[in-house]
Amino acid sequence: MTQPLIGRHDPRGGIWSRVKDADGRIHDGAWRTAIATLQHVGIHAHCGGLLTPHEPDVQRHVTFYPAFCVQCGAEVMQRVAKPRKPKKGAKA
Ligand SMILES: [Zn+2]
């Protein structure tokens with residue numbers, strides 16, 4: 001990655017678009033890649049510190065993407081609701 005750590009972010013802070021999809025939701029693959037390659041995923045809006053991504057927590061309908069500010073330690077949680085998709089198989 002040759003992208004600078006700071007540059008393509010919302011000036012108000014937040015998660016960078018490079019880990020989001022076209023709809024502005026967290027892109028699961030990009031998020032996991034960021035974890036694996038030790039990249040930051042955004043800027044903490046409160047203090048301007050870089051956000052370090054952690055493993056997504058998958059619930060039934062929502063996936064939570066936690067990130068921690070390297071500067072103040074605050075947790076910033078992104079949540080993505082799964083789009084409804086047809087059930088596979090016949091598990092009841
Ligand atoms: Zn912070």
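Computed from the coordinates by the stated procedures, all read-outs in this text should not be read as laboratory data. Computed from a predicted model, the values in this text were never measured in an experiment. Heads up, the Cβs are rebuilt from the backbone with ideal geometry, glycines too, and the neighbour counts pull from every protein chain shown.
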Worksheet item: Out of all the residues in segment 50-65, is one or more hydrophobic (A, V, I, L, M, F, W, C), within 9 Å of the ligand (Cβ to nearest atom) and part of a loop (DSSP other than H, G, I, E, B)?
Response: no
Worksheet item: Between residues in segment 30-57 that are free of Cβ contacts under 8 Å to residues at least 40 places away in the same chain and within 16 Å of Ser17 (Cα to Cα) and residues that are of a type in the set (D, E, K, R) and within 16 Å of the ligand (Cβ to nearest atom), which pairs lie under 6 Å by C-beta distance while being six or more apart or on different chains?
Response: Ala45/Arg12
Practice prompt. Among what's in segment 20-49 and is in contact with a helix residue (DSSP H, G or I) (Cβ under 9 Å, 6 or more places away or on another chain) and within 14 Å of the ligand (Cβ to nearest atom), pick the residue that is farthest from Val80 (Cα to Cα).
Written response: His40
Discussion item. Every residue in segment 66-75 that is within 8 Å of the ligand (Cβ to nearest atom) and either in a strand (DSSP E or B) or in contact (Cβ under 8 Å) with a residue 60 or more places away in the chain (or both), please.
Written reply: Cys69
Item to complete: State the number of residues belonging to segment 11-36 that are surrounded by 17 or more Cβ atoms within 10 Å (Cβ to Cβ), in a loop (DSSP other than H, G, I, E, B) and more than 9 Å from the chain's Cα centre (by Cα).
Response: 1
